[in-house]
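Colleague: What follows is a structure written as structure tokens; I'll ask about it next.
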Amino acid sequence: MAGQYTDYVLEVHNISKHFGGLTAVDNVSYFVGKNEIKGLIGPNGAGKTTLFNLITGYLKPNSGKVYLNGVDITGDPPDKICRMGLSRTFQLTLIFPDMTVYDCIWVGLYSRRKRPWNLLFSRIERKGEIAEKVEEICHLVGLESRMDEVATDLSYGDQKILEIAMALSTDPVLLLLDEPTQGVSPKEAENIVALIERLSQKMSIVLIEHDIDIVMRVCRTITVLNFGKVVAEGSCEEIASNSDVQKIYLGVEGT
Amino acid sequence: MENKRLLSWFATLSLAIFAVLGFTLPSGARSLAIQIMVFSIFAMGYDISLGFTNQCSLGHSIFFGVGAYGAILSIAKMKTGAIGAVGSGLGAGFVVALILGLICVRLSEAYFVIVTAIISAVFHLLAMDMTWLTGGDDGITVIPPALFGKFTQLSLSNPLVNYYFVLLFLTVTYLILVRMLRAPLGKVFAAIRGNDTRALFLGYNVFRYKLIAFIISGVCGALSGALYALTLRYASADFFSFYWSIVPIVWCLIGGLGTLVGCFIGVALMSIFQYYVSAWFTHYLLLFGVLILVILRVSIKGVLGYVLKRGSG
């Protein structure tokens with residue numbers, strides 16, 4: 001099965017996850033191509049975040065397989081999967097609260113460069129390869145003027161951007177974004193959307209998002225989950241006109 | 001950045017004061033100063049575990065006791081010198097910390113606290129029962145040996161040698177720990193303390209780093225136990241008692257968690273309090289408890305944490 005679809009960065013084959021009697025993800029297959037940006041939508045409790053957790057190794061699937069760049073990563077620990085090029089953000093923004101923006105990104109960059117000797121004995125300097133990369137990422141996301149600020153002093157929107165910057169620091173081929181604009185002001189959301197559009201030229205992205213307008217704008221294909229199952233998958237127009245999807249979102253009876 | 005310099009200054013100043021005190025203090029107060037230095041090693045080590053990686057261990061009495069017995073038994077059974085004894089204590093501490101760490105570090109917060117506490121109680125019981133090895137409550141007494149081999153001019157029975165022997169270890173421990181914390185390892189610890197899930201999803205094997213911190217911490221505890229036993233010239237099952245799991249937390253809380261050297265203040269305060277107040281008031285710990293509450297009420301980050309906050313405006 002491995003490498004069956006070599007064009008795909010991510011292949012998920014028939015994955016399932018049960019919590020006791022509840023089936024959170026039910027036999028889902030999901031494919032992400034190179035530099036593709038896909039939306040993942042569905043009502044609350046549809047299994048979107050659970051699917052992310054299964055892909056990233058945070059949860060072990062009951063059945064099914066996950067391949068990253070054709071390599072079987074099913075059941076691997078999250079840190080190993082991350083070092084292979086899969087990065088994610090969280091619904092509840094996870095940053096390092098008492099560290100500066102610079103350090104938060106530095107830690108991410110260092111994770112793929114660590115060796116036993118430099119772990120213990122090297123000095124942390126503000127020059128050299130890692131420092132340049134930190135500044136490059138800060139410029140990319142627009143945090144270059146705030147590098148020395150402590151993470152919790154940033155506005156919530158900037159914290160969301162910082163989390164994306166941290167996810168980028170591990171040099172991913174695939175980025176999973178879990179509601180990156182949730183709870184931020186419209187203006188900040190606009191920044192984040194612009195950032196996602198810029199990133200989509202360099203890597204594959206899967207975007208979980210409740211704001212349908214944003215998903216329609218950014219993504220080329222959309223997958224709809226409900227009760228752990230894929231209800232529909234297709235282009236934005238197909239999804240918008242799909243009657244099952246309309247039922248789920250609008251609660252329309254009949255038709 | 002500013003904090004780092006302040007902490008370095010504080011550490012250098014403390015070590016310099018200890019160096020001067022060595023030949024100026026009368027013998028009673030000098031023993032007290034030795035005790036403060038020995039416990040400071042223990043407390044710095046504990047800070048690596050609780051202050052830097054959020055592992056609230058109640059099992060550090062094990063390392064203290066194992067270090068003490070490692071040192072005393074190697075003198076009693078193998079006739080090693082004082083340096084060899086410290087080495088045995090460290091080795092024993094490392095092995096025990098590794099095994100204990102592999103069992104406990106994986107556990108989430110509350111379970112980690114409970115399991116370390118239980119294992120610590122088991123060690124205390126074993127030490128009391130295995131009198132053939134540990135001497136039980138009476139303990140094992142040794143004559144202080146030369147530092148190494150037949151080099152009898154420098155023996156720990158000379159209090160000055162004892163003092164600077166301990167100061168040397170305190171300085172070396174501080175330098176090693178501060179170097180590690182300023183290397184990338186320290187940043188990884190800070191990341192794990194900040195949010196271990198995020199660290200995991202940035203590609204760090206959180207368990208491995210927590211284990212490293214736990215072992216460093218345990219080895220410091222063992223070093224402290226070994227030096228304490230060598231200074232007192234004996235070790236008993238009492239070195240495994242729960243008391244030695246609690247006091248490092250108190251020291252670190254008073255001085256300031258996560259500052260590495262803040263615990264110097266905690267240790268000094270508690271030792272001096274114990275030494276002078278216990279002479280006229282038996283229930284001095286009651287007073288000390290009130291003092292801890294007052295300090296933590298004023299600054300949750302301890303004395304040094306308070307100074308740092310003031311210093312950086």
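The values are calculated or read from the model by the stated rules, or taken from the named source; none is laboratory data. This one's a predicted model, so the numbers in the text were calculated from it and none came from an experiment. Positions of Cβ are generated from backbone atoms using ideal geometry, with glycine treated the same way; all protein chains shown enter the neighbour counts.
Colleague: Given the condition over 10 Å from the mean Cα position of the chain (by Cα) and of a type in the set (Phe, Trp, Tyr), answer yes or no: does some residue in region B:246-258 qualify?
Modeller: no
Colleague: Still on this structure, I have one more. Of all residues in region B:144-195 being without any contact (Cβ under 8 Å) to a residue 12 or more places away in the chain and in a helix (DSSP H, G or I), which is nearest to A:Pro97 (Cα to Cα)?
Modeller: B:Gly194
Colleague: Anything in region B:181-200 that is among the β-branched types (Val, Ile, Thr), buried (at least 20 other Cβ atoms within 10 Å of the Cβ) and facing chain A (nearest Cβ under 8 Å)? List them, or say none.
Modeller: B:Val188
Colleague: Would a scan of region B:80-92 turn up a residue that is without any contact (Cβ under 8 Å) to a residue 24 or more places away in the chain, under 25 Å from B:Ile118 (Cα atoms) and either not aliphatic (A, V, I, L, M) or not in a helix (DSSP H, G or I) (or both)?
Modeller: yes
Colleague: Assuming B:Gln55 fulfils every condition listed in (1) touching a residue at least 40 places away in the same chain (Cβ under 8 Å); (2) on the phi < 0 side of the Ramachandran plot; (3) more than 16 Å from the chain's Cα centre (by Cα) apart from one, which condition is it?
Modeller: In the conditions (1) touching a residue at least 40 places away in the same chain (Cβ under 8 Å); (2) on the phi < 0 side of the Ramachandran plot; (3) more than 16 Å from the chain's Cα centre (by Cα), B:Gln55 misses (3) alone.
Colleague: Further question: Does B:Val95 qualify as being closer than 24 Å to B:Ile246 by Cα, within 22 Å of the chain's Cα centre (by Cα) and modelled with pLDDT under 95?
Modeller: In short, no.
Colleague: I've got another one for you. What helices (runs of 4 or more DSSP H) lie completely within region A:39-133 and have 1 or more residues being under 18 Å from A:Leu176 (Cα atoms) and more than 7 Å from chain B (Cβ to nearest Cβ)?
Modeller: Per the criteria, A:48-55, A:78-83, A:101-111.
Colleague: Further, regarding this structure: What are the residues in region B:45-79 that are among the hydrophobic types (A, V, I, L, M, F, W, C) and not in a helix (DSSP H, G or I), if any?
Modeller: Listed by number, the residues that qualify are B:Cys56, B:Leu58.
Colleague: Let me ask something else about it. Take A:Thr170 and tell me if it is within 20 Å of A:Leu51 (Cβ to Cβ), among the hydroxyl-bearing types (Ser, Thr, Tyr) and under 17 Å from the mean Cα position of the chain (by Cα).
Modeller: no
Colleague: Residues B:Gly203, B:Gly258: which one is in contact (Cβ under 8 Å) with a residue 12 or more places away in the chain, in a loop (DSSP other than H, G, I, E, B) and within 14 Å of another protein chain (Cβ to nearest Cβ)?
Modeller: On inspection, the qualifying residue turns out to be B:Gly258.
Colleague: Can you pull out every residue in region A:193-228 that is closer than 20 Å to A:Thr56 by Cα and among the acidic types (Asp, Glu)?
Modeller: Passing the criteria: only A:Glu209.
Colleague: What helices (runs of 4 or more DSSP H) completely inside region A:137-238 contain at least 1 residues that are in contact with a Cys (Cβ under 8 Å, 6 or more places away or on another chain)?
Modeller: Ranges flagged: A:156-169, A:212-218.
Colleague: Another question about this same structure. Would a scan of region B:229-236 turn up a residue that is without any contact (Cβ under 8 Å) to a residue 60 or more places away in the chain and within 14 Å of chain A (Cβ to nearest Cβ)?
Modeller: no
Colleague: Here is a follow-up. Inside region B:263-300, can you point out the residues that are farther than 25 Å from B:Leu32 by Cβ and not in a helix (DSSP H, G or I)?
Modeller: B:Ser299, B:Ile300
Colleague: Restricting to region B:103-134, give me the number of residues that are in contact with a strand residue (DSSP E or B) (Cβ under 8 Å, 6 or more places away or on another chain) and either farther than 19 Å from B:Tyr69 by Cβ or outside any helix (DSSP H, G or I) (or both).
Modeller: Within region B:103-134, residues that are in contact with a strand residue (DSSP E or B) (Cβ under 8 Å, 6 or more places away or on another chain) and either farther than 19 Å from B:Tyr69 by Cβ or outside any helix (DSSP H, G or I) (or both) number 0.
Colleague: Going by the conditions given, is B:Val303 surrounded by 23 or more Cβ atoms within 10 Å (Cβ to Cβ), within 22 Å of the chain's Cα centre (by Cα), among the hydrophobic types (A, V, I, L, M, F, W, C) and assigned to a helix (DSSP H, G or I)?
Modeller: Against the criterion (surrounded by 23 or more Cβ atoms within 10 Å (Cβ to Cβ), within 22 Å of the chain's Cα centre (by Cα), among the hydrophobic types (A, V, I, L, M, F, W, C) and assigned to a helix (DSSP H, G or I)), B:Val303 does not qualify.
Colleague: For B:Phe214, state whether it is aromatic (Phe, Trp, Tyr), within 30 Å of A:Phe96 (Cα to Cα) and either crowded, with 23+ Cβ neighbours inside 10 Å or within 14 Å of another protein chain (Cβ to nearest Cβ) (or both).
Modeller: So B:Phe214 fits the description; yes.
Colleague: Just give me the residues in region A:55-87 being on the phi > 0 side of the Ramachandran plot and of a type in the set (S, T, N, Q), in sequence order.
Modeller: If the condition is that a residue be on the phi > 0 side of the Ramachandran plot and of a type in the set (S, T, N, Q), then A:Asn69 is the only one that fits.
Colleague: Do we find that A:Val150 is more than 10 Å from chain B (Cβ to nearest Cβ), buried (at least 17 other Cβ atoms within 10 Å of the Cβ) and at pLDDT 90 or above in this structure?
Modeller: Against the criterion (more than 10 Å from chain B (Cβ to nearest Cβ), buried (at least 17 other Cβ atoms within 10 Å of the Cβ) and at pLDDT 90 or above), A:Val150 does not qualify.
Colleague: Right, another one. What is the number of the single condition among (1) at pLDDT 90 or above; (2) surrounded by fewer than 24 Cβ atoms within 10 Å (Cβ to Cβ) that B:Glu109 does not meet?
Modeller: (1)
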